[in-house]
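Laboratory data are not the source of any read-out in this text; all were calculated from the coordinates shown. A quick note: this is a predicted structure, and the numbers were derived from the prediction, not measured. Using ideal geometry, Cβ is built from the backbone for each residue, glycine included, and neighbour counts are taken over all protein chains shown.
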Amino acid sequence: MTTDEALGHAVDGNAILFTGAGFSTGAENKRGHNLRIGSELTKYLTALAGAPANAELQDAAEAYQIKFGAYALVEELVKEFTISKIGEHHLHLAKIPWIQIGR
């Protein structure tokens, strides 16, 4: 199947969209920043918690929780991942009549 054929199926409402973590690229959170994902989120939490610079995401989140509490970690993640602005590409993809959208 060619790309044009695949797009034709999508426009006709006969396709499923699968997204991954990169789909959020171009979206902004309530702070007006691009979402931090993966290593960026790890560095951010590590800096706030004073964790070792080479920490993994789970370790950085745990250090943040120990320093500030579980509720504070949840609040931080909600602020980080609550979207206030999306990109044009998100709008274009949302207008397509997908059978289903998965991740």
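The count of lysine pairs in the chain whose Cα atoms are under 23 Å apart, excluding pairs fewer than 8 places apart on the same chain, comes to 7.
If I compute semi-axes √(5λ) of the Cα gyration tensor in Å from the structure I just sent, which labelled value in (i) 21, 16, 12; (ii) 20, 18, 11; (iii) 36, 14, 11 lines up? The calculated read-out lines up with (iii). Our coupling estimate for the stretch 49-63, obtained by passing each phi through the Karplus curve with A = 6.51, B = -1.76, C = 1.60 and θ = phi - 60°, is 8, x, 7, x, 4, 8, 5, 7, 4, 4, 5, 5, 5, 5, 5 Hz, Gly and Pro reported as x.
With helices as the sole contributors, the chain gives -14500 deg cm²/dmol at 222 nm; each DSSP H run of n ≥ 4 counts as -39500 (n - 2.57), and the sum is divided by every residue. Between Leu35 and Gly26, Ala27, Asn29, the built amide H atoms are under 5 Å apart, and every one of these is 5 or more places off in sequence or on another chain. Taking Lys and Arg as +1 and Asp and Glu as -1, the other residues whose beta-carbon sits under 13 Å from that of Gln65 total -3. When the trypsin sites (Lys or Arg not before Pro) in the stretch 30-83 are filtered for DSSP coil states and for at most 12 other beta-carbon atoms within 10 Å of their beta-carbon, the remaining sites are Arg31. A DSSP coil position with no more than 14 other Cβ atoms inside 10 Å describes the following GluC sites (Glu not before Pro) in the chain: Glu56.
Relative contact order for the chain: 43 percent, from Cα pairs under 8 Å spaced at least 6 residues apart, divided by residue count. Would you mind getting me the FRET efficiency between Ser39 and Trp98? Use the beta-carbon distance for r and R0 = 30 Å, nearest 0.05. For Ser39 and Trp98, the calculated efficiency is 0.50.
In order along the stretch 66-82, phi translates into HN-Hα couplings of 5, 6, 10, x, 5, 4, 5, 5, 4, 4, 4, 5, 5, 5, 5, 10, 8 Hz, rounded to whole numbers, per the Karplus curve 6.51 cos²θ - 1.76 cosθ + 1.60 with θ = phi - 60° and x for Gly and Pro.
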